[in-house]
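To start, the structure itself, in structure tokens.
Coordinate-derived values only; no laboratory data. Computed from a prediction, not measured in an experiment: that's the story for all the values here. Reconstructed Cβ throughout: ideal geometry from the backbone, glycine too, with neighbour counts over all protein chains shown.
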């Protein structure tokens, strides 16, 4: 059956701008390739066999899921709907982990990155997240996530005293 999640494809209207955005998040470029092959039209149900893509990886693991940033040739990358509401059916965002959501937010904000939300801590009894939602140059939502451990519970004898 299936082995692992290979890549997340993100169509871009400006490949250099998109790659620069993801590099600011810490992604490393692994390859930059142009493809001119009519079979692409059949394989991906697109109007052109011309494209350029850049694979990026976060971290050093060979098993890490890649980002596949694609700029289509011919008629170009098609316009799509605006950034989807985050409670809509289907894929609405992808998340990356950090140890410092506040710091990432400040640095990206200073660089002019647009955000849907500011850093917000959401806790459950088992732990939580400090998250904010950034927009890439084409409106893809990137969830910046810092894991927050659960608060230590006081022993029953201390609470009842």
Taking 8 Å as the Cα distance limit and 6 or more residues as the minimum spacing, I'd like the relative contact order of the stretch 22-132 as a percentage. 16 percent
Pairing the Cα long axis of helix 101-110 with the longest principal axis of the chain, what angle in degrees results, from 0 to 90 and rounded to the nearest 10? 50 degrees
Extension gain, residue 109 back to residue 7 (0.36 nm per residue minus Cα-Cα distance, nm): 34.0 nm
Quick one: compute the contact order of the stretch 81-161, relative version, from alpha carbon pairs under 8 angstrom and 6+ residues apart, as a percent. 30 percent
Mind checking the angle between helix 15-24 and the chain's longest principal axis? C-alpha axes, 0 to 90 degrees, to the nearest 10. 20 degrees
Assuming R0 = 25 Å, what is the FRET efficiency of residue 95 and residue 37, from their Cβ-Cβ distance, to the nearest 0.05? 0.15
So if we plug the beta-carbon distance of residue 48 and residue 87 into 1/(1 + (r/R0)^6) with R0 = 30 Å, what FRET efficiency do we get, rounded to 0.05? 0.35
So if I average 1/r over every pair of distinct C-alpha atoms in the stretch 1-79 and take the inverse, what Kirkwood radius in Å does that give? 13.3 Å
Report the paramagnetic label zone for residue 78: residues of the stretch 31-69 whose backbone N is under 16 Å from a point 7 Å from Cα along the Cα-to-Cβ axis. 40-51
So if we plug the beta-carbon distance of residue 121 and residue 20 into 1/(1 + (r/R0)^6) with R0 = 41 Å, what FRET efficiency do we get, rounded to 0.05? 0.90
DSSP bridge pairs, the chain: antiparallel proportion in percent, nearest 5: 75 percent
Computed from these coordinates, which is Cα extents along the principal axes in Å: (1) 75, 42, 32; (2) 50, 41, 36; (3) 53, 47, 38? (1)
Add -39500 (n - 2.57) for each DSSP H run of 4 or more in the chain, then divide by its residues: what number comes out at 222 nm, to the nearest 500 deg cm²/dmol? -5000 deg cm²/dmol
Taking 8 Å as the Cα distance limit and 6 or more residues as the minimum spacing, I'd like the relative contact order of the stretch 1-79 as a percentage. 38 percent
Tell me the label-point distance for the pair residue 135, residue 55, using the 7 Å Cα-to-Cβ offset, in nm and rounded to one decimal. 3.1 nm
